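Written below as structure tokens is the structure these notes are about.
The values are calculated or read from the model by the stated rules, or taken from the named source; none is laboratory data. Only a predicted model underlies this, so the values are computations on that prediction, with no experimental measurement involved. With ideal geometry, Cβ positions are generated from the backbone for all residues, glycine too; neighbour counts draw on all protein chains shown. For accessibility, only protein heavy atoms count, side chains too; no ligands or nucleic acids. Shrake-Rupley method; radii C 1.70, N 1.55, O 1.52, S 1.80 Å.
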Amino acid sequence: MFPSGADSGNESSGIPGTVLIPTRFVWPNGGRRVSLCGSFTSWSDRISMSPVEGCPTVFQVIWNLPPGYHQYKFYVDGEWRHDEHQPFVSGNLGSAVNTIFLPREPDVIPTTYGPDVTGGNSMDVDATAGRMVTLTVGTLQEAVPRISRADLEVSRHRISVFLSTHTAYELLPESGKVIALDVNLPVKQAFHILYEQGIPAAPLWDFFRGQFVGVLTALDFILILTELGNHGPNLTEEELETHTISAWKEEKSHLTGQNDSKGRVYARSLVHAGPYDSLRDISMKLLQNKVSTVPIIHSQDGSFPQLLHLASLSGILKCICRHFRHSSSSLPILQQPVCSIPLGTWVPLIGESGGQPFAMLRPNASLSSALSLLVKAGVSSIPIVDDNDSLLDIYSRSDITALAKDRAYAQIRLDEMSIHQALQLGQDANSPYGFFNGQRCQMCLRSDPLHKVMERLANPGVRRVVIVEAGSKRVEGIISLSDIFRFLLG
């Protein structure tokens, strides 16, 4: 029906000595009945696709293909369709077909199939695309394609050049507002402002000094409410009504042990940047100081400093994605599956030792345990999972501002409120767990290319992408914004 490619025919059958690559095909555009057809089926047989659990508009199938060039198309409710978001070409009959090229991994040695091994989609493999496998009788061995050191260095160099030659002006929106808070504002009022404005942080302005002196973040409110929950002697419920931001910042210096060489408490100086600073310099400030935002401040002699923007790693990553969107081939690393890159934190395999601790919580865990974990682990969010470790939701630092709704912070005990109840405060009562179709839970598969994870993290407010198993949504790992930048900047 469609012109066949160079590798047409029954390519997924058991041909002795052939290396097969489990390849995941996805149709994300809905339909009732969807199937796959391509050069690998001689454009005759159609392969049935199944809806993804929890995502009825997304259909997928894993099919084993040999290395080489393939063409394919989707048959959706009786109509031939191609995915415009994937590479495609015009076929000989003028109809567009998607294309895919699977390189041969030189380190994988083909083996001869035993008589009981067949091809097609009958092989029992994890539903992750892009893994290369060799088959022997009764065994399945994985070999992830690796990027060469040269390609890695080329990618890092080009990204470094881009960041070094572009300034903070690239981050400024065409229109918008930046909210700043006076340091003499009561903590309670600041809490409500952040919640009502839907922002996780705000720069602090000291009128008497005529300068910006810090940033108030969601972490501040976590520390404040944790102190209240612990009945600490330094901060009481009544003080939350009258305690100023300035007083809290001084109290925070005592709590976090910010002392100079002589033991005197000092306030941490504001980490900021100017509009002419390079994106690389701003990235390094964010990473080295372990802060989520850096105010971009324009200062001129004899005038008040002007707050232009709050720079973040997600904003800088968005610039990278936009700049290289139409020249992704110049960055070979972008096509590499994330499971093959030393990136992020992964759930240790059975019997594996030496891995990093991986923080996850059940929805019935107390809010106090979630806040304690956010502070002690120094992370921005924690996956909320069921008894099978399947992702339900994610609790982030910024979710603490939901307690400002109807003064909930004054009516609850952190050790008695569950994470599920806390999340419901910030959601519509009829909303399902996790807002999987929105911005709350950004997910990817371990086989997804790096550029897909980067695009997810470039969304405003997203700091971590959860890597899940296809279908079950079982959590396999987490990749954060700081992970991406530390890897890209080497």
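Total residues in region 437-490 satisfying the condition of being surrounded by 17 or more Cβ atoms within 10 Å (Cβ to Cβ) and part of a loop (DSSP other than H, G, I, E, B): the figure is 13.
Just to be sure before I move on: is Asp393 of a type outside the set (Phe, Trp, Tyr), under 17 Å from the mean Cα position of the chain (by Cα) and more than 17 Å from Ile479 (Cβ to Cβ) in the structure I sent? Answer is yes for this residue. Once region 19-44 is narrowed to residues that are open to solvent by 30 Å² or more (accessible area, probe 1.4 Å) and either in contact with a strand residue (DSSP E or B) (Cβ under 7 Å, 6 or more places away or on another chain) or under 26 Å from Pro337 (Cβ atoms) (or both), the residue that is modelled with the highest pLDDT is Gly31. Go through the residues of region 68-78 one by one and say whether even a single one is acidic (Asp, Glu) and modelled with pLDDT under 90. Scanning region 68-78, I find no residue that is acidic (Asp, Glu) and modelled with pLDDT under 90, so the answer is no. Among the conditions (1) open to solvent by less than 50 Å² (accessible area, probe 1.4 Å); (2) on the phi < 0 side of the Ramachandran plot, the only one that Gly210 does not satisfy is (2).
Within region 342-359, is there a residue that is modelled with pLDDT of 85 or more, among the aliphatic types (A, V, I, L, M) and touching a Gly at 6+ places or on another chain (Cβ under 8 Å)? For region 342-359, residues modelled with pLDDT of 85 or more, among the aliphatic types (A, V, I, L, M) and touching a Gly at 6+ places or on another chain (Cβ under 8 Å): absent.
Here Tyr195 meets each of (1) under 24 Å from Met284 (Cα atoms); (2) touching a residue at least 12 places away in the same chain (Cβ under 8 Å) with one exception, condition (1).
I'm trying to understand the selection: among the residues of region 149-177, which are in contact with a helix residue (DSSP H, G or I) (Cβ under 8 Å, 6 or more places away or on another chain), modelled with pLDDT of 90 or more and either among the aromatic types (Phe, Trp, Tyr) or open to solvent by 50 Å² or more (accessible area, probe 1.4 Å) (or both)? Within region 149-177, Arg158, Phe162, Ser164 qualify.
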